[in-house]
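A.B. asks: My structure is below; once you've seen it, I'll send some questions.
The values are calculated or read from the model by the stated rules, or taken from the named source; none is laboratory data. The shown structure was predicted, so the numbers you read here are calculated from the model rather than taken from an experiment. Cβ: placed from backbone, ideal geometry, glycine included. Neighbour counts: every protein chain shown. Just the protein is used for accessible areas: all its heavy atoms, side chains included, with ligands, DNA and RNA removed. Shrake-Rupley method; radii C 1.70, N 1.55, O 1.52, S 1.80 Å.
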Amino acid sequence: LFDTSNQMKKEDGKYILPIFISETNSKYYYKSNPSNTKEIIEANKIMGFGVGEGSYVVDLLGTSMLQFNFNENWMRFLGKDFVSPISSSAHSYYFFTLRDSVDIDGIKCYEIKLQLKRESDLGFYGTIWIADSSYAIRRISAEIYPSANLNFIERLKIQQERLPTSYGPWLPVKTRAIVELSKLTENTSGFIAKMYKANTNIVVNKPKPDNFFDVPIER
């Protein structure tokens with residue numbers, strides 16, 4: 001890795017050094033009323049420096065880290081609430097600009113540019129693709145503004161693709177996120193986490209009892 005470190009760069013041209021890679025296979029459960037979640041980690045593997053299997057880092061980089069639900073009015077991330085671009089009050093926070101209509105895998109969508117009216121608000125900028133028949137989110141690419149002022153977070157970018165379930169509601173099938181952390185101290189380096197999640201074998205309307213969610217993460 002050190003021999004090839006001068007060949008790997010970030011988008012801004014800065015050199016980076018890969019430290020570790022993690023893969024996790026989980027069953028993830030979500031209950032809407034009342035809202036509750038549970039993740040059962042079935043298998044995980046980590047390769048790299050300083051992080052072993054069974055580490056708390058595995059839990060941090062599990063499925064729970066990549067739960068971005070834009071259908072909620074507010075999305076909570078690292079202790080702060082961000083207003084969704086399809087929130088019931090979104091027009092109070094966002095400018096929407098219709099760019100084009102495009103076909104995504106046979107689904108006609110409207111491509112819409114997102115921009116906050118006030119960058120000091122906690123929200124996103126980017127592009128959203130809305131299905132013309134159901135007005136559901138087909139695809140979204142969104143970033144937070146630097147003024148969001150999340151502790152040690154320099155950048156957060158979310159890309160998500162969604163498809164309808166057999167019961168109608170659209171759920172995420174692919175989610176990508178890039179998180180850049182700044183230096184915690186003068187003697188440490190920054191950190192970049194690139195995460196990808198794929199949802200398969202989605203089952204809906206098979207509720208679990210309330211006590212099933214008492215422990216949010218299990219192995």
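A.B. asks: I'd like to check something: does the stretch 188-204 contain any residue that is in contact with a Phe, Trp or Tyr (Cβ under 7 Å, 6 or more places away or on another chain) and either more than 23 Å from THR37 (Cα to Cα) or open to solvent by less than 60 Å² (accessible area, probe 1.4 Å) (or both)?
C.D. replies: Yes, that holds for at least one residue.
A.B. asks: Within the stretch 135-146, which residues are open to solvent by 60 Å² or more (accessible area, probe 1.4 Å) and either over 14 Å from the mean Cα position of the chain (by Cα) or of a type in the set (Phe, Trp, Tyr) (or both)?
C.D. replies: Of everything in the stretch 135-146, those that are open to solvent by 60 Å² or more (accessible area, probe 1.4 Å) and either over 14 Å from the mean Cα position of the chain (by Cα) or of a type in the set (Phe, Trp, Tyr) (or both) turn out to be TYR135, PRO146.
A.B. asks: I'd like to check something: does the stretch 123-141 contain any residue that is on the phi > 0 side of the Ramachandran plot, part of a strand (DSSP E or B) and without any contact (Cβ under 8 Å) to a residue 60 or more places away in the chain?
C.D. replies: Scanning the stretch 123-141, I find at least one residue that is on the phi > 0 side of the Ramachandran plot, part of a strand (DSSP E or B) and without any contact (Cβ under 8 Å) to a residue 60 or more places away in the chain, so the answer is yes.
A.B. asks: Restrict the check to the stretch 48-61 and report whether at least one residue is at pLDDT below 90 and in a strand (DSSP E or B).
C.D. replies: Yes: the stretch 48-61 contains one or more residues that are at pLDDT below 90 and in a strand (DSSP E or B).
A.B. asks: If PHE96 satisfies every condition in (1) in a strand (DSSP E or B); (2) at pLDDT below 95 but one, which is the exception?
C.D. replies: PHE96 satisfies every listed condition except (2).
A.B. asks: Which of the residues belonging to the stretch 122-179 are closer than 22 Å to LEU98 by Cα and of a type in the set (S, T, N, Q)?
C.D. replies: Once the filter is applied, which keeps residues that are closer than 22 Å to LEU98 by Cα and of a type in the set (S, T, N, Q), the stretch 122-179 yields THR127, SER133, SER134, SER141, GLN159, GLN160.
A.B. asks: Look through ASP214, ASP132, ASP210 and report the one residue that is modelled with pLDDT of 85 or more and in contact with a strand residue (DSSP E or B) (Cβ under 6 Å, 6 or more places away or on another chain).
C.D. replies: Matching residue, one of ASP214, ASP132, ASP210: ASP132.
A.B. asks: Can you tell me how many residues within the stretch 147-166 are of a type in the set (Gly, Ala, Ser) and either part of a strand (DSSP E or B) or open to solvent by 20 Å² or more (accessible area, probe 1.4 Å) (or both)?
C.D. replies: The number of residues fulfilling the criteria is 2.
A.B. asks: On to the next question. If only one of ILE40, ILE16, ILE86 is at pLDDT 80 or above and either open to solvent by less than 50 Å² (accessible area, probe 1.4 Å) or in contact with a Leu (Cβ under 7 Å, 6 or more places away or on another chain) (or both), which one is it?
C.D. replies: ILE40 is the lone residue from the list that is at pLDDT 80 or above and either open to solvent by less than 50 Å² (accessible area, probe 1.4 Å) or in contact with a Leu (Cβ under 7 Å, 6 or more places away or on another chain) (or both).
A.B. asks: So which of SER88, SER120, SER101 ends up being over 19 Å from the mean Cα position of the chain (by Cα) and under 21 Å from TYR30 (Cβ atoms)?
C.D. replies: Among SER88, SER120, SER101, only SER88 is over 19 Å from the mean Cα position of the chain (by Cα) and under 21 Å from TYR30 (Cβ atoms).
A.B. asks: Condition first: in contact with an Asp or Glu (Cβ under 7 Å, 6 or more places away or on another chain), of a type in the set (Ser, Thr, Tyr) and modelled with pLDDT under 85. Can you find one or more residues in the stretch 182-194 that meet it?
C.D. replies: Within the stretch 182-194, one or more residues are in contact with an Asp or Glu (Cβ under 7 Å, 6 or more places away or on another chain), of a type in the set (Ser, Thr, Tyr) and modelled with pLDDT under 85.
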